[in-house]
Ligand SMILES: Nc1ncnc2c1ncn2[C@@H]1O[C@H](COP(=O)(O)OP(=O)(O)OP(=O)(O)O)[C@@H](O)[C@H]1O
Ligand SMILES: [Mg+2]
């Protein structure tokens, strides 16, 4: 959210949108595995800023990577760590002129976790 607000800061018509969804059908290959896991909770943050600079893209989620004068470059590294610890995935893409960061998370499953 903070990155999106930074990205649209100087625009006349700035737009930052959060979209949440529950999609029980969604299965994703995660964590370098070929097995597909169910990650039905989706949280997207979209903005109409100019997007992630080309040279940042490859290392976006690494710590201390920043294009900002006073940025620590820890925001996305922390997001990736917390989401990963919860068994989810986070990605950044460009879709139809918008920058989209999407977090997908699993749901707690009584049967699988209480057995
Ligand atoms: N929505 C976005 N639009 C454009 N660039 C982005 C966006 N989100 C992240 N970035 C780019 O990714 C870099 C890394 O982001 P990250 O949140 O990890 O660090 P930061 O925002 O620079 O510093 P910090 O979050 O620690 O204050 C940013 O410096 C910026 O270049
Ligand atoms: Mg940040």
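Structural remarks
- Think of it as helices only: each DSSP H run of n ≥ 4 in the chain is worth -39500 (n - 2.57), and spread over all residues that comes to -5000 deg cm²/dmol at 222 nm.
- For region 90-115 and region 1-75, distance of Cα centres in Å: 11
- Put in line by how crowded their Cβ is, counting other Cβ atoms within 10 Å and starting with the fewest, 85, 12 read 12, 85.
- Entry note, region 2-109: relative contact order of 27 percent, from Cα contacts under 8 Å with a spacing of 6+ residues.
- Among 14-22, 94-102, 39-47, sorting by the average number of other beta carbon atoms lying within 10 angstrom of each residue, highest first, gives 39-47, 94-102, 14-22.
- Contour excess over end-to-end distance, with Cα ends at residue 12 and residue 34 and 0.36 nm allotted per residue: 3.5 nm
- Residues residue 22 and residue 55, FRET efficiency given R0 of 35 Å [Cβ-Cβ distance, rounded to 0.05]: 0.45
- For the chain, the equivalent ellipsoid derived from the Cα gyration tensor has semi-axes of 28, 17, 12 Å, listed largest first.
Read-outs: derived from the displayed coordinates by stated rules, not from any lab. No experiment lies behind these values; they were computed from the predicted model shown. Cβ: placed from backbone, ideal geometry, glycine included. Neighbour counts: every protein chain shown.
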